[in-house]
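Below is one structure, written out as structure tokens; the observations come after it.
The values are calculated or read from the model by the stated rules, or taken from the named source; none is laboratory data. Because the structure is predicted, anything quoted here is derived from the model rather than measured. Here the Cβ positions follow ideal geometry from the backbone for every residue, glycine too, while neighbour counts run over all protein chains shown.
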Amino acid sequence: MCKVLIIEDQQETIEKFKGLAKGSGLTFLAPSEVGLTELDPVFGESIEEQLAKLLKDRIAKNQIDLVLLDTDLSRERGLQTHSSYKAALRELGMPVCRYQKGGTESQLAQLTQLQRTIRDGASAIWIPKALVSGSRIGELVPRLIAISNGFKKILSALNERPNLLSAAHSPTDVLAEVLGNRDLSYEFLGYAAQNLVYFAKREVDIEAHQISETQRYATQLGYWLFNYIITFPGPILTQAAAAAYLNILPDELSHRQELLSCLAPARYQGPFGSVEPYYWRSHLIELLEEVGGDIRNHPSLVDKTFHCVDQDNMSSPAYICMISGEPITLSQAAVNPDWVPSGASEAKIKEDVLDELGPLAGI
């Protein structure tokens, strides 16, 4: 069972989301249902601290697992600004998903998604617009359940190993332990530059509210894993990026069960692993080593025909352009902008796309 507090100012949207959740195991709770509109701000205390007190009480009382926060709350007088909720929820260590309604996704939707993730990745996971008010709205509830379960998985691992919260352990060490393999720590070092953002200290003094440091750290770790390490492919690859790494056109996976079966041992099963299929690059490397560098030599695939991304070098890995989503060869990839983490070895942008976008891609 998953309970999601939806902070939304339009009742029709709340009802639409509730309709999507019927029979799913997820329950949406509106602000009025948990008393969130009862806050009467008082002078002498920041609105964020007042919200933190109220939210902590209502979240605990209603056993909320996740908060879904709209970016525009101007239509409901009883609600505060979304930035105030965002700040208060971050101090509480409450997992948050944010979204923006209306409009249609442009061809550069992924750029917008990247910009939002880089800007706000330490305080929320952004939900693609197509899942909120677009053609893929049916995916919203399963995605929220998968995200909530991902945070719970991290929290459970930290509760089992409280020693991981000591100052002696860096986030790279902690995440490696959470994923069950301490050797992974070096894989995450290339993502450590943003640690000051993702693991910042409290901005509001709410120690008196007895906020669980384990809960807060688990949420910070979850944001870092999902918004930074998974979003910028390196050790962990999306299914499309995994196919490209094997120099196979990603479209092949949609109708080639034998290829998916071949990749099954490389499947990532850690936190957020059910949001969509992900794969360990290290496991793909082992798989390629077993077949001489060309996945088509695998015993289950030798009599199959596959279309490659790089036709000139069949054993060369390829990539998925982070903005256009198309498979590209290394020769088509631009030099990465400085906002791409050094550890994201498989994160590439097509040179033509980067040239066309110019300052828009500067983020």
Buried (at least 19 other Cβ atoms within 10 Å of the Cβ) and under 14 Å from the mean Cα position of the chain (by Cα), is that true of Ala124? yes
Collect the residues in the stretch 299-315 that are surrounded by 15 or more Cβ atoms within 10 Å (Cβ to Cβ) and under 32 Å from the mean Cα position of the chain (by Cα), keeping them in residue-number order. Phe306, Cys308, Val309, Asp310, Ser315
Of (1) of a type in the set (Val, Ile, Thr); (2) under 25 Å from Ala218 (Cα atoms); (3) in contact (Cβ under 8 Å) with a residue 60 or more places away in the chain, Val96 satisfies all except one. Which? (3)
Residue count, the stretch 326-343 (criterion: of a type outside the set (A, V, I, L, M) and surrounded by fewer than 18 Cβ atoms within 10 Å (Cβ to Cβ)): 7
Expected output for the stretch 133-158 (first residue under 23 Å from Glu8 (Cβ atoms) and assigned by TED's automatic domain parsing to the domain that holds Ala21, partner among the basic types (Lys, Arg) and surrounded by fewer than 18 Cβ atoms within 10 Å (Cβ to Cβ), Cβ below 8 Å, 6+ apart or cross-chain) is Ser133/Lys101
Complete set of residues in the stretch 19-42 that are surrounded by 14 or more Cβ atoms within 10 Å (Cβ to Cβ), over 23 Å from the mean Cα position of the chain (by Cα) and either of a type in the set (A, V, I, L, M, F, W, C) or within 22 Å of Glu139 (Cβ to Cβ) (or both): Ala30, Val34, Leu36, Leu39
Which ones in the stretch 260-275 are outside any helix (DSSP H, G or I) and either out of contact with any Pro (no Cβ under 9 Å at 6 or more places or on another chain) or touching a residue at least 60 places away in the same chain (Cβ under 8 Å) (or both)? Gln269, Gly270, Pro271, Phe272, Gly273, Ser274, Val275
Filtering the stretch 247-276 down to residues that are in contact with a helix residue (DSSP H, G or I) (Cβ under 9 Å, 6 or more places away or on another chain) and at pLDDT 95 or above yields Ala266, Arg267, Tyr268, Gly270, Pro271, Phe272, Gly273, Ser274, Val275, Glu276
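Okay, residues lined up against (1) out of contact with any Asp or Glu (no Cβ under 8 Å at 6 or more places or on another chain); (2) β-branched (Val, Ile, Thr); (3) under 30 Å from Asn149 (Cβ atoms):
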position: Pro265; (1), (2), (3): yes, no, yes
position: Ser282; (1), (2), (3): no, no, yes
position: Pro299; (1), (2), (3): yes, no, no
position: His307; (1), (2), (3): no, no, no
position: Tyr319; (1), (2), (3): no, no, yes
position: Ser324; (1), (2), (3): yes, no, no
position: Trp339; (1), (2), (3): yes, no, yes
position: Leu354; (1), (2), (3): yes, no, no
Of all residues making up the stretch 160-188, the number that are surrounded by 13 or more Cβ atoms within 10 Å (Cβ to Cβ) and either of a type in the set (Val, Ile, Thr) or touching a residue at least 40 places away in the same chain (Cβ under 8 Å) (or both): 10
Residue check for Pro142: closer than 20 Å to Tyr278 by Cβ, outside any helix (DSSP H, G or I) and either within 15 Å of the chain's Cα centre (by Cα) or of a type in the set (Gly, Ala, Ser) (or both): no
I'm told Gly103 meets every condition in (1) at pLDDT 85 or above; (2) surrounded by fewer than 17 Cβ atoms within 10 Å (Cβ to Cβ) except one. Can you identify the failing condition by its number? (1)
Yes or no: the stretch 74-85 includes at least one residue that is of a type in the set (S, T, N, Q), over 23 Å from Ile147 (Cα atoms) and surrounded by fewer than 19 Cβ atoms within 10 Å (Cβ to Cβ). yes
Can you tell me which of Ala52, Ala60 is free of Cβ contacts under 8 Å to residues at least 12 places away in the same chain and either out of contact with any Phe, Trp or Tyr (no Cβ under 9 Å at 6 or more places or on another chain) or exposed (fewer than 12 other Cβ atoms within 10 Å of the Cβ) (or both)? Ala60
